[in-house]
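A.B. asks: If you scroll down you'll find the structure; I have some questions about it.
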Amino acid sequence: QVQLVESGGGLVQTGGSLRLTCAASGLTASGHYMAWFRQASGKERVFVSGIWSGGSKSYADSVKGRFTISRDNAKNTVDLQMNSLKPEDTAVYYCAVRNGYYSSVPARYDHWGQGTQVTVSS
């Protein structure tokens, strides 16, 4: 059974930084895509960033240059370093995994974490 556990959320001021970590357990197959999504209050869940097991990365335009995703395949963890945070980054951030390559569509992901709240104050 695959489990994803996120950590690292919190409250930060505009311009600050946070680092999110997702620890995955129960992943048995190689070649899966790990991603971060976020969902602001009253809005849809959207793709933030993702990384293939081979290292290829993708970012939403809204976070390019500010967020950096990294992955440790041996530990099955994926981190999201978030710098220069803005109030519009406030959301619940979810880790997700799919058996396949990149997709920005939430419905195409097989496993989800419980989410971690990120709040950026102005």
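The values are calculated or read from the model by the stated rules, or taken from the named source; none is laboratory data. Worth saying up front: this structure is predicted, and the values here are computed from it rather than measured. For neighbour counting, all protein chains shown are included, and Cβ atoms are generated from backbone atoms with ideal geometry for every residue, glycine included. In case anyone asks, the SASA skips ligands and DNA or RNA and just uses the protein heavy atoms, side chains included. Shrake-Rupley method; radii C 1.70, N 1.55, O 1.52, S 1.80 Å.
A.B. asks: Under 21 Å Cα-Cα from residue 75, which lysines qualify once same-chain neighbours fewer than 8 residues away are excluded?
C.D. replies: Within the straight-line cut-off, residue 75 pairs with 57.
A.B. asks: Which whole-number percentage describes the relative contact order of the chain, with Cα contacts under 8 Å and a sequence gap of 6 or more?
C.D. replies: 36
A.B. asks: At 7 Å along the Cα-to-beta-carbon direction for both residue 104 and residue 56, put a label point, then send me their distance in nm to one decimal.
C.D. replies: In this crude spin-label approximation the distance works out to 1.6 nm.
A.B. asks: In sequence order, what are the phi-derived ³J(HN,Hα) couplings for the range 97-110 according to the Karplus relation 6.51 cos²θ - 1.76 cosθ + 1.60 with θ = phi - 60°, rounded to whole Hz, with x for glycine and proline?
C.D. replies: 9, 10, 8, x, 8, 3, 8, 9, 9, x, 5, 8, 9, 8
A.B. asks: Under the rule that an exposed site lies in a DSSP loop and has at most 12 other Cβ atoms within 10 Å, name the longest stretch of the chain with no trypsin sites (Lys or Arg not before Pro) of that kind, not counting the sites themselves.
C.D. replies: It works out to 76-122.
A.B. asks: Just the number please: accessible area per residue for the range 1-94, 1.4 Å probe, all protein chains included, in Å².
C.D. replies: Each residue of the range 1-94 exposes 49 Å² on average to a 1.4 Å probe.
A.B. asks: Using a 1.4 angstrom probe on heavy atoms only, work out the carbon and sulfur share of the accessible area of the range 13-122 in %.
C.D. replies: Carbon and sulfur together cover 46 percent of it.
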